[in-house]
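To start, the structure under review is shown below, and the notes come after it.
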2 protein chains.
Amino acid sequence: MDNNPLNDLFDALSNEMQSVDELINNRMFSEHAPLIQNLTNHLINAGGKRLRPLLTLAAANICNYRAKYHIHLAAIVEFIHTATLLHDDVIDESLKRRGRPTANRLWDNKSSVLVGDFLFARAFQLMVETESLKVLDSLSNASAEISESEVLQMSLSQNLSTSKDQYMQVIRGKTAILFASACEVGGLIAEAKNEHVEALRLYGEALGISFQIVDDFLDYTGNKSNLGKNIGDDFREKKITLPIIYSLQKKNNTNYLFWKRTLEKGHQKIEDFEIAQKVLIDDGSLDKTRLDAIYWSNIAKSQLKFLPESQFNKLLVKLTDYVVARVS
Amino acid sequence: MDNNPLNDLFDALSNEMQSVDELINNRMFSEHAPLIQNLTNHLINAGGKRLRPLLTLAAANICNYRAKYHIHLAAIVEFIHTATLLHDDVIDESLKRRGRPTANRLWDNKSSVLVGDFLFARAFQLMVETESLKVLDSLSNASAEISESEVLQMSLSQNLSTSKDQYMQVIRGKTAILFASACEVGGLIAEAKNEHVEALRLYGEALGISFQIVDDFLDYTGNKSNLGKNIGDDFREKKITLPIIYSLQKKNNTNYLFWKRTLEKGHQKIEDFEIAQKVLIDDGSLDKTRLDAIYWSNIAKSQLKFLPESQFNKLLVKLTDYVVARVS
């Protein structure tokens, strides 16, 4: 057995994941604009973890779904996720000038926007094919909330008075809601009982919150391999993430002035990221952040108890542990 | 009576248009991200012509629709149109550097992308509320084709071998398909006969083609007042539009070298736009373009004959004439 539960999930769902990949490859093609496939091909097949499609397939299987539209749903959530990444990748000149690395950028802004739009639209076409208004409702609401939260995040950038509530609002919207919808639609397409659909939604939401907190933790500690992200990106982009909020709560004056200069005013020197890391370790903010991630992973696991037992249910328990294992 | 048939249409539909405006204002609000309304408010209430919503309302009325979801549909097409404008407004540094005016830009790239995404998602939420899968099918297909055509247009930029067929493919997708869908969904929501829905779709498509050809004509002659567009924009962005294609077909060597330098290589001097205008007038390319616009407006009008007679049908005939009146 492999120690990575993502691989266990992949093995348990390998036939279905192959169908998902075929559908993705099939639908990211554009008859009118062959250029699109060159771009999407590179992006979608470039080692993404396919975590969200796996959640959808697992959810449908937990609810004993026996037809084929969960394949559509899995492709849809991957398309939406990829579109979001592409649009998140669009940056402004001002940001570029202030030190964001440009060398590794694969796309220019215009391509990122248009290909992202194409993937969003493809996702909606696939949703219509399922003929399920409940699915359309869940995923269109998720899409709206994703963009709202990205705007909220943008407006809170460099704002040292960002509260933990506001941070939670941002990560619920930009990350957790798509995890939640990915799980929920697996139950909806299976016409599962309301309480099972609700448990799947809450499981996905809590897992997504945990996942994002881990991500924000690792931005100050880890070796990030997420598409287009490097350790220190949040700091360089002056994002007020949970470790920073906890550090500010300590009201240490020296540290406050450091965050004010580097994040609020954006005056960063080359050695500042290492100082930031040291501050967050020394004042306990990273530890507190880690505990929050574990708290939310436990909430996620508690929801799985409301769902029918099966190999997929067990794998989701392990997957949830795996998400937070990255911070321990 | 006013000479502008758009005003006649507005008068005939004033109550319904007021409901559309209320719905638009209501739904462009974001509870989580109040910033969004500041941005959308400015954009959507900034003197847009509301041409597409008018088409939807007129189509529904021609088909004797008596319920209220055509209001939703009209708001949806305006949201999609506005989102498209916002995303079209995202430009690359390279373009900026090569002379595109930046002073009047109201949005930075990131806001344009995220607020556009929000409006797209809102449009899909409104579609789901109509509970009509046929409507969802029409508008999700239109959305996909819009982005495909924008990519195609981008890939043909600066390409002097662009054919008229390719140009038509671009404008069908980037402009005409939303006109077509705006009209078609008015018939679909009314559960009109198939031949009426088809006539509405073909009317909208031909009107949209005519509209875009007029737009491309005016880019070399008129006083443009479209959002974010100025006369000469196409030339500065090295777009190969219909007047250019006709000029290249003449195989005049002096003119060919001029287009090669200014559009293919992109080496433009300050006086080049005036030279371009003169070339297109002198070699008859603008006249040929004008005739194409009129040809498509006649195709549009011919489709209206398949639809029940009514005051709205007559107003659409006048509207179609009005679109091409801008070039005569």
Checked against the positive end of the charge dipole of the protein assembly as shown (+1 on Cβ of Lys and Arg, -1 on Cβ of Asp and Glu, about the Cα centre), the farthest of A:H81, B:P243, B:L6 is B:P243
Gyration tensor on Cα atoms of the stretch A:5-325, a ≥ b ≥ c root eigenvalues, a/c under 1.5 rounded, else prolate if a/b beats b/c, else oblate, says oblate
Expressed as a percent, the portion of alpha-carbon pairs in the stretch A:174-328 spaced more than 27 Å apart is 33
Amide H contacts under 5 Å for B:D89, restricted to residues at least 5 apart in sequence or on another chain and with H modeled in the peptide plane, are none
Projected onto the charge dipole of the stretch A:5-325 (unit charges on the beta-carbon of Lys, Arg, Asp and Glu, signs +1, +1, -1, -1), the Cα from A:S155, A:L263, A:I209 with the largest positive-side position is that of A:L263
Listing B:E184, B:E22 by rising number of other beta-carbon atoms within 10 angstrom, fewest first, gives B:E22, B:E184
Given a Förster distance of 56 Å, the FRET efficiency implied by the Cβ-Cβ spacing of A:K49 and B:K314, rounded to the nearest 0.05, works out to 0.45
Where a ≥ b ≥ c are root eigenvalues of the Cα gyration tensor, a/c under 1.5 meaning rounded, otherwise prolate if a/b exceeds b/c and oblate otherwise, the protein assembly as shown counts as prolate
proj_area_mean for the stretch A:138-177 (convex hull on C-alpha atoms), units nm², value 2.5
Cα convex hull volume per residue for the stretch B:142-209, in Å³, equals 68
Taking Cα atoms, the helix B:285-304 axis meets the longest principal axis of chain B at an angle in degrees (rounded to 10) of 20
Mean per-residue count of partner chain Cβ within 10 Å for B:169-175 equals 1
Computed for the stretch B:5-325: size of charge dipole around the Cα centre, +1 on C-beta of each Lys and Arg, -1 on C-beta of each Asp and Glu, debye to nearest 20, value 760
Rounded to a whole number, the mean other protein chain Cβ count within 10 angstrom for residues of B:33-40 is 4
Checking rank on A:81-89, A:6-14, with mean other Cβ inside 10 Å and highest first, the result is A:81-89, A:6-14
Relative contact order of chain A (C-alpha contacts under 8 Å, at least 6 apart) in percent is 20
Length gained, B:E274-B:N194, 0.36 nm per residue minus C-alpha separation, equals 23.9 nm
Helix A:311-325 sits off the longest principal axis of the Cα atoms of chain A, rounded to the nearest 10 on a 0 to 90 degree scale, by 10
Phi angles of the stretch A:182-193, converted by Karplus (6.51 cos²θ - 1.76 cosθ + 1.60, θ = phi - 60°) into ³J(HN,Hα) in whole Hz with x for Gly and Pro, give 4, 6, 4, 5, x, x, 5, 5, 7, 6, 6, 4
PRE zone check, label point 7 Å out along Cα-to-Cβ of A:E131, amide N under 18 Å, scope the stretch A:163-192, hits A:188-192
With one decimal in nm and the nearest listed first, the spacings from B:N298 to its own position in the other copies, using label points 7 Å along Cα-to-Cβ, are 7.8
With label points set 7 Å from each Cα along the Cα-to-Cβ direction at A:N4 and A:N38, the distance between them in nm comes to 3.1
Across B:146-158, the residue-averaged tally of Cβ atoms belonging to other chains within 10 Å stands at 6
Quick calc: nm separation of the 7 Å Cα→Cβ label points for A:N141 and B:N230 -> 4.6
Cα-Cα pairs in the stretch B:12-78 separated by more than 16 Å, as a whole percent of all pairs, come to 46
In degrees rounded to 10, the 0-90 angle between helix B:69-88 Cα long axis and the longest Cα principal axis of chain B is 20
Residue span A:Q18 to A:E264: 0.36 nm per residue of separation minus Cα-Cα distance leaves a gain in nm of 83.9 nm
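None of the figures in this text is laboratory data; all of them are computed from the coordinates on show. Since the structure is predicted, the reported quantities are computational estimates derived from the model, not experimental observations. So basically every Cβ, Gly included, is an ideal-geometry build from the backbone, and we count neighbours across all protein chains shown.
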